[in-house]
Amino acid sequence: MIWKSERPSNIALIKYMGKSDIERNKPSNSSLSWTLDHLKTTVVLEQINGVEDVWEPLPTDFPFPMSEKGKQKYLNHFKRLKDHFSVKGSFILRSGNNFPADCGIASSASSFAALTEVSCLAFSELSQKKIDIYKKAELSALGSGSSCRSFLTDWVMWDGEVIKPIDSDIKNLQHMVVIVGEDTKKISSSQAHKIVPTSALYQGRAERAEHRLNDFVSKMNKECWPELFQLSWEEFWDMHALFETSRPAFGYFLADSFDVLRSARFFWQQEGDGPLVTMDAGPNVHLLWREDQVDLSLKFFQENIAKRWTCLTNIHGIGFHKV
Ligand code: DP6
């Protein structure tokens, strides 16, 4: 028997960084993300007669390699899902993205969400146990925290217990990620969660993030766009400051990350308008534009990005890798 599912990735504007319970991926603070519907992982599950579960890359246009450690984390999560449904037997898991793996986008959210989704589909059929979307998201969080936000659209909040969509008149955001470096992460985000409590700035971090999230949600309307930019900007710097002040310090910025950020800041100053800007645990810069800003985003792209970097985007008319 074969089952197939896909789930999108998401980008957090208010970050999940730091855990109150490492084993169960309980976050120290609530987070808020935008679901990236165009960046997806597909997982195909097949029952086999073997003695153990195995993972293989799915043959897509963009197959992705997985480290031994990554594979183990993925298979462990799969085992957890089997146990949840009391399903026995062995399976082969095949996963792949609809975007290139060498482009520096961490795909842990979409890959864990897609694995949870396809396993719940298969195991609810095999065990006759029903499961709703919130329970799926909760199970997915045990594999990788940020993946639980990939079960809902568009704006999604997760406080460690509740995962819920947040209503806003800001819809159909256009996404652009400027690829300044390949994702050869020395420190994974899971490791980062463990190290950040050593930073002196970790004191008060949960309060700052909660405060910023409440502020952000109360301003989630088109009129407050410049304030949302300011809050997202402060938030990713806050997270990266934690990294750089941890003991030992670590970080993800490349020189080009600063160049892109500076261009975005100048652009806002010149135009009085611009994108929401954020960075994850990597060197690449994510830009989110309102649907009425397509011309502005093309202008920014032509003036600042096109000649120097690859850009992965769902904006019509641009893109080295349009997805
Ligand atoms: C910086 O969800 O990858 O992307 O729960 O250990 O798998 P684990 O961590 P993960 O952490 C994501 C961190 C982040 C911010 C975010 O997505 O909120």
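The values are calculated or read from the model by the stated rules, or taken from the named source; none is laboratory data. Since we're looking at a predicted model, the values are computed, not measured. Cβ placement follows ideal geometry from the backbone for every residue including glycine, while neighbour counts extend to all protein chains displayed. Ligands, DNA and RNA are excluded from the accessible area calculation, which covers all protein heavy atoms including side chains. Shrake-Rupley method; radii C 1.70, N 1.55, O 1.52, S 1.80 Å.
Below, the figures for the structure above:
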item: Separation of the THR245 and GLU52 label points, Cα + 7 Å toward Cβ, nm; result: 4.4 nm
item: Order by protection proxy (mean Cβ within 10 Å, highest first), peptides 7-14, 239-246; result: 7-14, 239-246
item: Signed unit charges on C-beta, dipole axis of the chain, positive-most listed residue PHE266, LEU231, SER189; result: SER189
item: Cα-centre dipole for the chain with unit charges at Cβ (Lys and Arg positive, Asp and Glu negative), debye to 20; result: 860 debye
item: Net dipole in debye of the range 65-175 [+1 Lys, Arg Cβ; -1 Asp, Glu Cβ; about Cα centre; nearest 20]; result: 560 debye
item: Percent accessible area from carbon and sulfur atoms, the range 166-220, protein chains only, probe 1.4 Å; result: 50 percent
item: Heavy-atom accessible surface of the range 101-162: percent carbon and sulfur, 1.4 Å; result: 49 percent
item: Taking the chain and dividing mean pair separation by its residue count, relative contact order in percent (alpha carbons under 8 Å, at least six apart); result: 20 percent
item: Selected from THR42, SER9, VAL177, residue furthest toward positive end of dipole (the chain; charges at beta carbon); result: THR42
item: Inter-site label distance for ALA306 and SER190 at 7 Å from Cα along Cβ, in nm; result: 4.2 nm
item: Solvent-accessible area per residue for the range 159-303 (1.4 angstrom probe, square angstrom); result: 46 Å²
item: Solvent-accessible area per residue, Å², over the range 40-149 with all protein chains present [probe radius 1.4 Å]; result: 44 Å²
